[in-house]
Amino acid sequence: MSDNLLLTVEKPARYMGGEMGATTGKREGIGFVLAFPDVYEIGMSHLGLQVLYGVLKEVSWIAPERVYAPWPDLEAILRAEKRPLATLEGELPLASADILGFTLQYELSYTNILNMLDLAGIPLLAAERDNCYPLVIGGGPCAYNPEPLADFFDAFLIGDGEEAVIELAACVRDAKEAGLSKGELLERLARIEGVYVPSFFEVSYQDDGRIREITPLKPGYRSVRRRFLADLDSAYYPTAPVVPFLKTVHDRVSVEISRGCTRGCRFCQAGYIYRPVRERSPERVLEIAEEAFKNTGYDEVSLLSLSTGDYGCLTPLLKGLMDRYAAQKKAVSLPSMRVGSLSPEMAEEIRRVRKTGFTLAPEAGSERLRNVINKGITEADLLDNARAVFGSGWRLIKLYYMIGLPTETMDDLQGIVDLSREVKRQGKFAGSGGDVNVSVSSFVPKPHTPFQWEAQISEEEIVEKQRWLRGALRQKKLIMKWQESSLSVMEGVFARGDRRLGKLLVEAHRVGCRFDGWWEHFDREKWNQAFAATGLDPRFYHRRRELDEPLPWDHIDCGVTRDFLAAERQAALVEAATPDCRDGFCTGCGVCDFDTVKLRLHEAVAFDTYACQQTGQEPGEQGQRIRIRFEKLGRMRYLSHLEMLTLFTRAVGRAGIPIRYSQGFHPHPKFSFATALSVGVESYAEYMDFEVEQGYSAEQLQTALNAALPEGVRVAEAREIGLKAPSLSVIMERVRYRVTLPEGMATGIEEKVEAFLALASCPLRREKKGKVIEFDLREELSELTGSGNTLEMVVGRGKPAEYAAAILGVSTDELKDARLEKLEVLFSNEQ
């Protein structure tokens, strides 16, 4: 957004665009908007969206853009000013796009989807949209039961999207050029493997509410098989992703080292819908990490997969990564590790740089229940891993469990307490001590799993079990975190729901439900009101399903057969194990064709296969300081001081500047700002000091930074200063500002300037976060002129808007459309 509207919201950087790696929004072609129905910080942490955005950027005739769910503060402004929701890149109103593609990651974001459509002026119901509106599509894990959203979407993409999105965009382009109707376009889309068009199916119901039949309306289109990406090595991967200005949930390079998991945990939907396992080669992973570090400036890489510890070459890969990056203060992090997959060599490699946290997921407290869910780990395995982790220097282990699993008893809950306590004791046995945090979620039976027929426990039972666990764990001095029961209830409704939930979503949106996955925004009373108004009962969707009962998602083919899932359910009831097919035994799940769709594994290699001479020079005994002056203009005025710190940290990394680091557990690059510039003020005179290795010149620093900084931030000058020169904050005395006033506010400006200069005193009292600051504006002012519609002043303390408000006799809120510029810093003679 190009005006000062963003200065009135909590985090302007969520909406300003202009990040490194983003398109300019000026490309011609099919307008393909990727929409994430949650706040920017969550969406920017989602790897799948980065992958698809990168894929689309590679195609010359596609103009990719992004949009995220606006936080309530911006929503209120958009509605008040009747502005449509628009993209970050080119401020394209969503209704003007050709394709609007939503990522469906979490069931409790569904009301945000409706809200985004509403804010864009796009009719909610697909049946009410003609060719004048964008094609609305969805994809992601929730698309494996798309039925609650069927009324709102034109189509869904089931499965891997890297190749399919291009085919989908080409279909829309061709239909647009041929002048096809929407119905003709949908018929063409249905021919693309993995595309589900919900309007081509009709659902009927029995008197008791259960589904009678799912009837296909098009010959030959009886079910939709998911799309498979056969080989990760040949697939596109974003090595120059969008780098956000603000801190996100996962603020690092993310490298997917494998896709799919065949461990066969019976509760885990991802383990079934992403089969088979396809590993990316270690050589390609190393290439991606190298390119991504250079292009992003991040100082950490996370190796992602559903079961990272099962990656065949993990330890040699870690060795290769740490040899390359440990000396550069870059870290490697791993997601939740499967118990038993942590080797001593692996732990040793990870500990070479700062500890990034360690998580283990036993899931259930007793061995009996772990057998039911086919977890395949023993208590001895877990304790051995915990002892190794604590012995390698970690001080905190996070344990993940679930309550409400099929056949669970109170003995299983007691097992959570006992096992967690034993894990904590391993810290003492390792000689180092350590803490344990226990995270407990409530089990939600998901589609396409062996437990899809099982009942979800009631909210009352969830609350009772959470209360018991909190007390029991507290007695053992263990901290427990849990998900609110109401959120689990709603997740269960939409995870296993049918098309009738569409009217519930419409009503919930109408009464104001938004950001339901955020506890502070979830409004139970509004949801109760929506259920009552639509005559739906959440308990109907939590019930046990019969094995011969049609399920809402039966026509969505994830590749795993219904017979296999039913057999796995039976195996769970008798606590029988199913082996991992990657060990050579095919379990007959049905997903592989053993030609294109098959396991793609990399054989284990020697520990030092990817070892190399450690890169990164040792820091010299003494560095040198360089002082820069830089500009912060245009949209960059929305960035806060902390966000500018992040921006320069990333720029230093991208530019390969030999920055010196602080000592300690979490080393930081040695650079410092003069003072914090207020958000909304443009500046031609921002200053920073850098400490770099000897021999790196000021000219080199200026050139390198300017090549790595985004539009709107430019280093104007750089010079070397003494290591013991006074800091910027010591030698700064005064600042020159210019305030350009909105039309109509400059009347009598010269007289008002004279009147202010005639004042003996003008006290200001500012309150922020409970602190009171008082000073005299007149005493801090040394120069003031006014002409036309501008004020120019030289001041000590104080913000330019505060001075302008006092001079003009208005509030600072009335100056929200003024342009504020920092022109010059006046230093003492000590610099």
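The values are calculated or read from the model by the stated rules, or taken from the named source; none is laboratory data. Owing to the predicted nature of the structure, the values given are computational and were not obtained by experimental measurement. Using ideal geometry, Cβ is built from the backbone for each residue, glycine included, and neighbour counts are taken over all protein chains shown. In case anyone asks, the SASA skips ligands and DNA or RNA and just uses the protein heavy atoms, side chains included. Shrake-Rupley method; radii C 1.70, N 1.55, O 1.52, S 1.80 Å.
Quick look at the values:
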quantity: Proximal aspartates and glutamates relative to residue 771, as straight alpha-carbon distance under 15 Å, when same-chain residues fewer than 8 apart are discounted; calculated: none
quantity: In nm, spacing of pseudo-spin labels at residue 561 and residue 666 (7 Å Cα→C-beta vector); calculated: 5.3 nm
quantity: Between 0 and 90°, nearest 10: helix 501-510 axis offset from the chain longest Cα axis; calculated: 20 degrees
quantity: Principal-axis tilt of helix 282-296 within the chain, Cα atoms, nearest 10 degrees; calculated: 30 degrees
quantity: Solvent-accessible area, 1.4 Å probe, carbon plus sulfur percent, for region 714-755; calculated: 46 percent
quantity: Antiparallel content of DSSP bridges confined to the chain, in %, to 5; calculated: 55 percent
quantity: R0 of 51 Å, Cβ-Cβ distance residue 613-residue 719: FRET efficiency to nearest 0.05; calculated: 0.90
quantity: Reachable aspartates and glutamates, given that their alpha-carbon falls under 13 Å from the alpha-carbon of residue 477 and they are not under 8 places away in the same chain; calculated: 418, 422, 435
quantity: Segment residue 215-residue 533, extension gain: residue separation times 0.36 nm, minus the distance between their alpha carbons; calculated: 111.7 nm
quantity: Full-stretch length increase - residue 395, residue 234 - with 0.36 nm per residue and alpha-carbon distance subtracted; calculated: 54.0 nm
quantity: Packing-based order for 76-82, 517-523, 442-448, using average beta carbon neighbours within 10 Å, highest first; calculated: 442-448, 517-523, 76-82
quantity: Simple Cβ-charge dipole of the chain, Lys/Arg +1 and Asp/Glu -1, about Cα centre, in debye nearest 20; calculated: 1560 debye
quantity: Per-pair calculated FRET efficiency, R0 = 22 Å: residue 787 and residue 757 via Cβ, rounded to 0.05; calculated: 0.95
quantity: Distance between modelled label sites at residue 711 and residue 772, nm, 7 Å Cα→Cβ extension; calculated: 4.7 nm
quantity: Residue 694-residue 177 FRET efficiency (beta carbon distance; Förster radius 51 Å; 0.05 resolution); calculated: 0.25
quantity: Mean separation of Cα contacts under 8 Å (6+ apart) over length of the chain, as relative contact order %; calculated: 12 percent
quantity: Anchor residue 82: lysines whose Cα lies under 23 Å away (excluding residues fewer than 8 positions away in-chain); calculated: 11, 816
quantity: Residue 477-residue 187 pseudo-label distance in nm [points 7 Å out on the Cα-to-Cβ vector]; calculated: 7.3 nm
quantity: Label corresponding to Rg and Dmax of the Cα atoms in Å when calculated from the structure given, among [x] 31.1, 139; [y] 30.7, 108; [z] 29.3, 91; calculated: [z]
quantity: Residues in region 114-147 reached by a label modelled at residue 202 [backbone nitrogen below 14 Å; 7 Å Cα→Cβ]; calculated: none
